[in-house]
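The values are calculated or read from the model by the stated rules, or taken from the named source; none is laboratory data. All of these numbers come straight from a predicted model, not from anything done at the bench. Because the Cβ atoms are built from the backbone with ideal geometry, glycine has one as well, and the counts that use them run over all protein chains shown.
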Amino acid sequence: MSVMAFIAGINPVAASGAVLVLVGLWGVLSRPNLFKIAVAFSVMETGVNLVILSVGYIRGRTAPILDSAADARSASARMTDPVPQALVLTAIVIGLAVTALMLSYAVRLRTGGGDSSIESYGEEKW
């Protein structure tokens, strides 16, 4: 298998999702600011959602919508799997709640007289 054939076989949605996951992971591990960590988590969550969606997508298939019950058997053979789409929809709601919780903790620490850097809390962070 040549390199060009390998590159042509890569799913661009999965590749961009993997890049977003890596960028988000780098942001979480390398940034001391709590607000930047929350943004990095959001970027990482978006990448994970893209990877999950790319797993459920099959080329040449249609959206999982049935028009009539008469051709349900033949239509179901042409549809993509709706479960990854439902999982991503649920993950978006959970990610929104987690991001709101992280940002509320960061704001609470900042208004409580602390710093927005995680390094200023010393042993309290562990």
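Out of the residues in the stretch 106-116 meeting the condition of being loosely packed, with under 13 Cβ neighbours inside 10 Å and either outside any helix (DSSP H, G or I) or hydrophobic (A, V, I, L, M, F, W, C) (or both), tell me which one is modelled with the highest pLDDT. Before you say what the answer is, go through the steps one by one.
Residues of the stretch 106-116 that are loosely packed, with under 13 Cβ neighbours inside 10 Å, as a first pass: 108, 111-113.
With the extra rule that they be either outside any helix (DSSP H, G or I) or hydrophobic (A, V, I, L, M, F, W, C) (or both), the set shrinks to 112-113.
Details: Gly112: 76, Gly113: 72.
Residue satisfying both the conditions and the ranking: Gly112.
Listed here are the residues, each with its yes/no results for (1) touching a strand residue (DSSP E or B) at 6+ places or on another chain (Cβ under 8 Å); (2) surrounded by 12 or more Cβ atoms within 10 Å (Cβ to Cβ); (3) in a helix (DSSP H, G or I).
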position: Ala5; (1), (2), (3): no, no, yes
position: Ala18; (1), (2), (3): no, yes, yes
position: Lys36; (1), (2), (3): no, yes, yes
position: Ala40; (1), (2), (3): no, yes, yes
position: Asn49; (1), (2), (3): no, yes, yes
position: Val55; (1), (2), (3): no, yes, yes
position: Arg59; (1), (2), (3): no, no, no
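Of the residues Val43, Val93, only one is within 30 Å of Thr111 (Cβ to Cβ) and out of contact with any helix residue (DSSP H, G or I) (no Cβ under 9 Å at 6 or more places or on another chain); which?
Numbers: Val43 fails: out of contact with any helix residue (DSSP H, G or I) (no Cβ under 9 Å at 6 or more places or on another chain).
Just a single option satisfies the conditions, and that option is Val93.
Tell me which of these Leu103 doesn't satisfy, since it passes every other one: (1) at pLDDT 90 or above; (2) touching a Phe, Trp or Tyr at 6+ places or on another chain (Cβ under 8 Å); (3) under 25 Å from Ser16 (Cα atoms).
Result: Leu103 fails condition (3) only.
To keep it simple, each residue is scored yes or no on (1) more than 30 Å from Tyr105 (Cα to Cα); (2) under 13 Å from the mean Cα position of the chain (by Cα).
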site	(1), (2)
Met4	yes, no
Ala18	no, yes
Leu34	no, no
Arg59	yes, no
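Which residues, taken from the stretch 73-88, are surrounded by 11 or more Cβ atoms within 10 Å (Cβ to Cβ) and part of a helix (DSSP H, G or I)? Don't jump to the end; show me each part of the working.
Filtering the stretch 73-88 down to residues surrounded by 11 or more Cβ atoms within 10 Å (Cβ to Cβ) leaves 75, 78-88.
Hits for the stretch 73-88 are Ala75, Arg78, Val83, Pro84, Gln85, Ala86, Leu87, Val88.
Output the qualifying pairs, or none if there are none: Cβ atoms under 7 angstrom, residues six or more apart or on different chains, first residue in the stretch 28-41 and closer than 9 Å to Ile118 by Cα, second residue surrounded by fewer than 19 Cβ atoms within 10 Å (Cβ to Cβ) and of a type in the set (Ser, Thr, Tyr).
Pro32/Ser117; Asn33/Ser116; Asn33/Ser117; Leu34/Ser116
Return a yes/no flag: does the stretch 93-102 have any residue that is of a type in the set (Val, Ile, Thr) and over 30 Å from Ile118 (Cα atoms).
So the first thing to find is which residues in the stretch 93-102 are of a type in the set (Val, Ile, Thr), and the list is 93-94, 98-99.
Still in the list and also over 30 Å from Ile118 (Cα atoms): none.
No, there is no match, as no residue in the stretch 93-102 is of a type in the set (Val, Ile, Thr) and over 30 Å from Ile118 (Cα atoms).
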